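Below you'll find the structure, written out as structure tokens, and then a few comments.
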Amino acid sequence: MIKKYRTIPIKILILEALLRRLPENHPKRPKIREELVRSYAGYRGEESLDYYLAQLPPDNYYIFQDLRIPISKDTYFQIDILLLTRRYFIIYEAKNMLGTLFFDFNQLVRTYEEKEEIFPDPIVQVQNQQYHLDNLLKKHLNKTVPNTSFVVVTNPSSKIEINSQYHVAKQKVIRNPAILPRFVTYSRQHPTDILDDRELQKITRLLLKFHTPSQPDILSQFQISIDEILPGLYCDRCMSLSIVKVDRTWKCQQCGIENDKAFIQAIIDYFLLIGATITNQQCRAFIQHSSIYVVSRLLRSLKLPYKGSTKGRAYQLSLHDLQKWL
Ligand SMILES: [Zn+2]
């Protein structure tokens, strides 16, 4: 049973919003696009595990897709997929990379198009995740549950190479189709229940409660200031900020298409790039529409929580609302 589904990472949403709202000739665009392609590849890699996990024999296990759990203030550990049972837990880390992947001690060397890149060792990564989750179970249930982890190379055309002395890596690095046989083997080796149903429910509740989605500061990362973000309403069809209100419809001045969702998209972009609250005045400036009354009606229609009196009312945007609109 899936206890937590992954959603599109906020990082991807921010990068997409930036590409909608930076000038065509902005020097940071190529780097942003590159980062977006990489982030999407990671996300698709994680998704590719779902098909194989869905084939596991029916049993009492819970699956959590994409968990980010605090260890201490401002420090988190992140798990792509956690499979939790009464008897053990398994962590899966997806690696969606092209080229030749050489798993060496303490590093992953990727060679692609004759270029060599060094990444942190994903084996160490998953072992850290095991360690932290094990600690969490000890702390809250006072129990130790057997556990293991796998690094799943999700791109079937990438080549896997492992340092012949790196025995742990040989055990842990697998491809998607190996998920089932490895699961069956591990499951057979651990037939004894350690947790009862109440404990399993408790830890499930805690994991869902502790999960904190990441909200990366992409603007700082790319050294882009808020002044560089273009206002207006975006047209998906001709990819320009050319939608304006014409009578009762929202119409693109470039291609002529009508789009009633352009306002919501603008509010989403505002939240992703500028801030978590929006006033009537800020909204008018951002969507480039001069009528206080029209904007007031639009903002009220979103049914967002707000603070302040009618004039200075600041509507509050949250990740939760945003995910409802996507
Ligand atoms: Zn258009």
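Here are the numbers for the structure shown:
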quantity: For the chain, Cys with no neighbouring Cys Cβ under 4.7 Å; calculated: 283
quantity: Segment residue 54-residue 292, length gained on full extension (0.36 nm per residue, minus Cα span); calculated: 80.6 nm
quantity: Surrounding net charge for residue 306, when Lys and Arg each add one and Asp and Glu each subtract one, Cβ distance under 13 Å; calculated: +4
quantity: Protein accessible area in region 231-325, 1.4 Å probe - carbon and sulfur %; calculated: 49
quantity: Most fluctuating residue given options 39, 301, 187, as computed from a GNM of the chain linking Cα atoms under 10 Å; calculated: 301
quantity: Estimated inter-spin distance, residue 220 and residue 192, nm [label 7 Å along Cα→Cβ]; calculated: 4.8
quantity: Alpha-carbon centroid distance for the pair region 42-88 / region 1-40, whole angstrom; calculated: 23
quantity: Residue-averaged 222 nm ellipticity for the chain, from DSSP H runs of 4+ at -39500 (n - 2.57), nearest 500; calculated: -12000 deg cm²/dmol
quantity: Charge dipole (debye, nearest 20) of the chain; +1 at Cβ of Lys and Arg, -1 at Cβ of Asp and Glu; calculated: 1140
quantity: Largest to smallest accessible area among 15, 136 [probe 1.4 Å]; calculated: 136, 15
quantity: Antiparallel bridges, percent of DSSP beta bridges restricted to region 2-210 (to nearest 5); calculated: 60
quantity: Listed residues 163, 259, 176, most fluctuating in the chain (Gaussian network, C-alpha, under 10 Å); calculated: 163
quantity: Simple label model, 7 Å out from Cα along Cβ direction - residue 209 to residue 3, nm; calculated: 1.3
quantity: Residue-normalised accessible area of the chain, expressed per residue, 1.4 Å probe, Å²; calculated: 54
quantity: Hypothetical label at residue 230: residues of region 250-269 whose amide nitrogen lies under 15 Å (7 Å Cα-Cβ projection); calculated: 252-255, 266
quantity: Residue 301 paired with residue 159, simple spin-label distance in nm, labels 7 Å along Cα-to-beta-carbon; calculated: 5.7
quantity: Most mobile listed residue (25, 280, 96) in the chain, GNM with C-alpha springs under 10 Å; calculated: 25
quantity: Karplus-derived HN-Hα couplings along region 107-118 (A = 6.51, B = -1.76, C = 1.60, θ = phi - 60°), whole Hz, x at Gly and Pro; calculated: 7, 10, 9, 10, 10, 8, 6, 6, 10, 9, 10, 9
quantity: Cut-off under 5 Å, modelled amide H: who pairs with residue 108 long-range; calculated: 119, 121
quantity: Residue (of 178, 13, 49) at the positive-pole extreme of region 2-210, dipole from beta-carbon charges; calculated: 13
quantity: Summed side-chain charge close to residue 2 - residues other than residue 2 whose Cβ falls under 15 Å, Lys, Arg +1, Asp, Glu -1; calculated: -3
quantity: Peptides ranked, highest mean first, by Cβ atoms within 10 Å: ranges 264-271, 220-227, 124-131, 313-320; calculated: 264-271, 124-131, 313-320, 220-227
quantity: Out-of-range pairs (alpha-carbon distance over 23 Å; input 202/303; 3/138; 303/324); calculated: 202/303
quantity: Whole-Å distance, taken between Cα centres, linking region 122-168 and region 257-326; calculated: 43
quantity: Cut-off under 5 Å, modelled amide H: who pairs with residue 76 long-range; calculated: 71
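The values are calculated or read from the model by the stated rules, or taken from the named source; none is laboratory data. All of these numbers come straight from a predicted model, not from anything done at the bench. For neighbour counting, all protein chains shown are included, and Cβ atoms are generated from backbone atoms with ideal geometry for every residue, glycine included. Accessible surface is based on the protein model in full, side chains and every heavy atom, while ligands, DNA and RNA are left aside. Shrake-Rupley method; radii C 1.70, N 1.55, O 1.52, S 1.80 Å.
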